[in-house]
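Working notes, structure below.
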Amino acid sequence: MESKLKVFITGASSGIGSALAEEYAKQGAIIGLAARRQEKLEEIKVSCQSLGAKDVVTYNLDVTNEEESMNVAKEFISLDREGIDVVIANAGVAFSDSLSSGDPKQINQTLAINILGVTNTIVPFIPSMKKQKTGSLVIMSSIASFTAPPYFGGYAASKAAVRRLGDVWRRSLKKYNVDVTTICPGYIKSEMTDVNEFKMPFLMDTDVAARKMVKAIESGKKTYILPWQWRPIIALSRLLGQKLSKI
C-alpha cells in the first residue's frame, strides 16, 4: 500500500537527520531534506530513493533565515498534494561557549541555530496542520536540556529553550489534533559526536536511534528520552534537585 506520508526534515545531511530520512523512505514517504550542505543532501536523496521513497526534494537552507524557511515550507506543503504530516526540526550545533575568547560570537551562533532554527522550521507549517487538523511536529532537544555540561552552557540553554517551546506548543495545538514530540537524545553516533575525545555513556548507533525516534513520533509521545538508561538518571536528578554536570 502506498504511503501517504509527507515528511520534512532539517539538518538532514548527516547523523540523526539522514537516518530519520532513510527510515521514512522505507515507508514510501514523500520527503523534504533541508540543510546547508547540498552535496551531502544529494547523497541522502539517492539513498532514500533506493530505499523506496515516493519522492525526495532537497533544499539548501540556512534555518536561521526566516524568509527562506517560510518559502521552503510553502513549496513543500504544495508538493504532490496539499498538506504536511511530519515536520522534524533537527538542525543544530554543539559548539562550546568559548568563554575565554572574550568574543560572544560562538555562543550566539549556537543559540541562533538551535533556537531560531526550530521556530523557523516549525512555525511556517503550523497553519497547514491546523487547517487539516492533523500532523506531528518534532523538536530535537537533548539530554543536555536537563543537565549542566561544562563549557556548553549555550548548547544546554538552547536545548532547554526548545524543549519548553515544545511543552507550550503541545498545549496550544492539542485542540487541532496536532502532536508535538520533543526528542531528547543522549550520545548518538554521528559527525557531531565523532569529534568528542571523552567517554560517551550509553552511546547509541544512529540507525537504532532513528528507528526508535520514528516509533516515538508515530505513537505521539510528548517527551522522548533515549537511550533509556538516561531516564532514571534524569528523573533522580530532578527529584534531588541536582545537576548531572559530571556525567
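List of remarks:
- Based on the Stokes-Einstein relation at 4 °C and a viscosity of 1.567 mPa s, and on the Kirkwood radius from alpha carbon pairs, the chain is assigned a translational diffusion coefficient of 71 µm²/s.
- The magnitude of the dipole of the chain, with charges of +1 and -1 set on the Cβ of Lys/Arg and Asp/Glu and taken from the Cα centre, is near 1280 debye.
- Built amide H within the under 5 Å cut-off of THR182, gap 5+: ILE139, THR223, TYR224
- Accessible surface of the chain, 1.4 Å probe, proportion on carbon and sulfur as whole %: 53 percent
- Heavy atoms of the protein chains alone define the surface here; on that basis the chain has 50 Å² accessible area per residue at 1.4 Å probe size.
- Summarising the amide proton neighbourhood of PHE8: residues at separation of 5 or more, or on other chains, whose placed amide H is nearer than 5 Å comprise GLY32, VAL86, VAL87, ILE88.
- Cα→Cβ-extended label distance, 7 Å offset, between ALA112 and SER47, nm: 2.9 nm
- Computed from the C-beta positions of ASN177 and ARG36, the FRET efficiency with R₀ = 35 Å rounds to 0.60.
- The heavy atoms of ARG37 present about 90 square angstrom of accessible area, all protein chains included, probe 1.4 Å.
- Accessible surface, 1.4 Å probe, highest first, among residues VAL178, VAL208: VAL208, VAL178
- In this label model, SER98 and ASN60 are separated by 2.5 nm, measuring between points 7 Å along each Cα→Cβ vector.
- This model, with +1 at the C-beta of Lys and Arg and -1 at the C-beta of Asp and Glu, gives region 30-114 a dipole about its Cα centre of some 200 debye.
The values are calculated or read from the model by the stated rules, or taken from the named source; none is laboratory data. Nothing here was measured: the structure is a model prediction, and the numbers come from that model. With ideal geometry, Cβ positions are generated from the backbone for all residues, glycine too; neighbour counts draw on all protein chains shown. Remember, those area values only see protein heavy atoms, side chains included, never the ligands or the DNA or RNA. Shrake-Rupley method; radii C 1.70, N 1.55, O 1.52, S 1.80 Å.
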